[in-house]
1. Taking a virtual spin label 7 Å from the Cα of residue 3 along the C-beta vector, which residues in the stretch 268-282 bring their backbone nitrogen under 17 Å of it?
2. Round to a whole number: what % of the accessible area of the chain belongs to carbon and sulfur, probe 1.4 Å?
3. Taking amide H positions as placed in the peptide plane 1.01 Å from N, state which residues far from residue 94 in sequence (5 or more) or on other chains have amide H under 5 Å from it.
4. Take the alpha carbon atoms of the stretch 27-113, find their radius of gyration, then divide it by 2.2 N^0.38 Å using N residues; give the quotient.
5. For the chain, what size does the Cα cloud have along each of its three principal axes, sorted from largest down, in whole Å?
6. With springs only between Cα atoms under 10 Å apart, run a GNM on the chain and tell me which of 214, 236, 194 wobbles the most.
7. Per residue of the stretch 174-189, in order, report the coupling 6.51 cos²θ - 1.76 cosθ + 1.60 (Karplus, θ = phi - 60°) as ³J(HN,Hα) in whole Hz, putting x for Gly and Pro.
8. How much accessible area per residue does the chain have, counting only protein heavy atoms and a probe of 1.4 Å, in square angstrom?
Amino acid sequence: MVLLDGKKTAQDIQLEIAEKVKCLKADGKKTPHLAAILVGGDGASLTYVNAKVKACEKVGFESTLVHIDATTSEEDLLNKIDELNNDDAIDGFIVQLPLPKHIDEAKVTLAVSPRKDVDGFHPENIGKMCLNLPTFLPATPNGVLEMLKRYNIETSGKHCVVIGRSHIVGSPMSILMARNGNPGNATVTLTHSRTSNLKEICATADILIAAVGRPLFVTADMVKEGAVVVDVGIHRVEDSSKKSGFKLIGDVDFANVSEKCSHISPVPGGVGPMTIASLMMNTLSAIELK
Ligand code: NAD
């Protein structure tokens, strides 16, 4: 079994980006600048945003963290987004999800300028992705693609099963895997909470991508011998043996599934770091698209 080491792969990507940033600086060009808006922020969101800011430092980007109070109004947040849309110093920005319940995520997604939407969530960018046009690809699915590419996993003609149809992970993942490209050209089955015979369908997958948001949901009996398994899920569960009091686990029962598959991504250290690397790639391309 080969471990799809997202941590190591993300480090490689960050080194490559750092080299490109050095060249940009040497040529007197603008240093890429990523901003992140965090509204309120439970422990997990704060950790994710801090990891993104830290990654900017590593690759030589400038970064700005806009931390807004959880009680901020939707209007104030939209005004802040407008400010960043019109700030020439900022090349791309993200609004960390989830948002407090009183704020409409769809409105927020639409408010971010497609030119600065480095998370790749805006409908214009999703549309371009579907049409295979150059654009910002959604960070997590693109991180998975990059991981498959760097591990030379053949996707063409393979049966890929994606579990979960969210707008930010499962649905774009299924489109990217089916697109005419490399990685891509897979025959894709997109499954979700209303899918009948989920177990049987998963067991036919050459490539199984779990983005279901349920801890240890994918068990060994759902996996074909020799399959490639990508675990997108992240869950914090209590663990008194850890200093922090918790540990991270995924959507896949790693201990048992890893005995059956040819490749598997771990949690932590799999798709998580690749998502951040993908965000860095998008921010660099924000400069290049300009
Ligand atoms: P979501 O809750 O928006 O979507 C989950 C999807 O799973 C839904 O489409 C639902 O239909 C499907 N589902 C739920 N129960 C099911 C069942 N019993 N059978 C089949 N399908 C079922 O979640 P999301 O935002 O797509 O995230 C999924 C997971 O990935 C979460 O654990 C999240 O924390 C994690 N995540 C990780 C990263 C990363 O960088 N690694 C990024 C985003 C999300």
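The values are calculated or read from the model by the stated rules, or taken from the named source; none is laboratory data. Note that the structure is predicted; figures quoted are calculated from it, not measured. Cβ coordinates were reconstructed from backbone atoms using ideal geometry, including for glycine residues, and neighbour counts include every protein chain displayed. Protein only, heavy atoms only, side chains kept; ligands, DNA and RNA dropped before computing areas. Shrake-Rupley method; radii C 1.70, N 1.55, O 1.52, S 1.80 Å.
1. What the label zone holds, given the 17 Å backbone N cut-off, is 268-274.
2. Whole-percent figure for carbon plus sulfur exposure: 52.
3. Here the answer is 35, 36, 37, since their amide H atoms fall under 5 Å of that of residue 94.
4. Relative to the 2.2 N^0.38 Å estimate, the stretch 27-113 comes out at 1.10.
5. Each principal axis gives a Cα extent; for the chain these are 51, 41, 36 Å.
6. Looking only at 214, 236, 194, the biggest GNM fluctuation is shown by 194.
7. Going residue by residue, I get 5, 5, 5, 5, 8, 4, 6, x, 9, x, x, 6, 8, 8, 10, 10 Hz, with x marking Gly and Pro.
8. About 47 Å² of surface per residue is accessible.
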